[in-house]
Amino acid sequence: MTDRLTIVTWNINSVRLRMPIIEKLLEEVQPDVLCLQETKCPDANFPVNPLKKAGYEHIQVHGQKGYHGVATISRRPLGNVERRDFCAMGDSRHIAVDVPFNGSALRLHNFYVPAGGDEPDRTVNDKFAHKLDFMAEMRDWLTGAETAKPAVLVGDLNVAPYEHDVWSHKQLLKVVSHTPVETGLMEEIRQAGNWLDAMRRFTPLDEKLYTWWSYRAKDWSKADKGRRLDHVWVSETLDRHIKSTRVLREARGWEKPSDHAPVVAVFEA
DNA sequence: ATGGCGTATGGAATACGA
């Protein structure tokens, strides 16, 4: 019996405003699990009913009023829910669950890493300092011991690590999300946990790959000045089970879109 | 033309995103 698990990660930029396109995604992609970021929704107001109606009866949220917020929505039962408060800020930026896969538990971390503000200098920009501290805490917490079991880390990590994860490496080197201090920290997190960058396994490093396009472009697709800010990382033990990843670019052009596109990952036992 | 827009809050103007 072969088990097949599809996980989608999507920075939704307000869950309540995007319910129509969330339902469209669930219908078209039929994922087993949907991880959302920037839900901007208090837990009490989370739109659970339409999701349950669509067959997603297992919903775990970590939200707050107005900002941030993550949620993991599933057709399969979820266990061992953990909501970690990084940097002790009281922010809702992480939720982890166990998802049944291949007869055992797959640990699934859903992250919304701080954006970091405009100035890439921690001495003058508290938001950038917060981002770096948050990433350092990720590195020190998600060690190889934690990821020795089947584990997946997804979410809006707000860093585009490689040269072809941005439209212009040269022009973005001093822009928050692609500065060497951020991409260096991201590499430290990845190596500390022995994570595999699954998206780059299926798209070569010399090919452009984006998941986010600014709202401000007159024609986002034509300009195509994107960045790969959303990620799917898998632990070594899942290396042979990850079968594909793809960016659902068309969703960036749907009615009232998020500025991020969903990323779809398929696992097979 | 990397911000030209979009969202939440609150009921206008500001904070925030990246």
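Assorted remarks:
- Along chain A, longest interval not containing exposed GluC sites (Glu not before Pro), exposed being DSSP loop plus at most 10 other Cβ atoms within 10 Å: A:1-206
- Of the trypsin sites (Lys or Arg not before Pro) in the stretch A:206-245, those whose Cβ has at most 15 other Cβ within 10 Å and which sit in DSSP loop: A:208, A:216, A:218, A:240
- For the stretch A:74-84, the Karplus equation 6.51 cos²θ - 1.76 cosθ + 1.60, evaluated at θ = phi - 60°, returns couplings of 9, 7, 9, x, 10, x, 6, 6, 9, 10, 9 Hz by residue, with Gly and Pro reported as x.
- Dipole of chain A [Lys/Arg +1, Asp/Glu -1 at C-beta], most positive-end residue of A:59, A:115, A:144: A:59
- Kirkwood radius, the stretch A:80-212, all distinct C-alpha pairs, inverse of mean reciprocal distance: 15.8 Å.
- Each of A:249, A:18, A:200 has some number of other Cβ atoms within 10 Å of its Cβ, and from fewest to most they run A:249, A:200, A:18.
- FRET efficiency, 1/(1 + (r/R0)^6) with R0 30 Å, evaluated for residue A:126 and residue A:169 via beta carbons: 0.65
- Label positions at residue A:87 and residue A:28, each projected 7 Å from the Cα along the C-beta direction, are separated by 3.4 nm.
- Angstrom value of the Kirkwood radius, inverse mean 1/r, which spans all Cα pairs in chain A: 18.5 Å
- For residue A:41, distant residues with modelled amide H under 5 Å away: A:64, A:66
- Neighbour counts of other Cβ atoms within 10 Å put A:1, A:138 in the fewest-to-most order A:1, A:138.
- Counting neighbouring Cβ atoms within 10 Å and putting the fewest first, the residues A:143, A:39 line up as A:143, A:39.
Just so you know, all these numbers are worked out from the coordinates, no wet-lab data involved. Just so you know, these numbers come straight off a predicted model, no measurement behind them. Methodologically, a virtual Cβ is constructed for each residue, glycine included, from the backbone with ideal geometry; neighbour enumeration extends over all protein chains shown.
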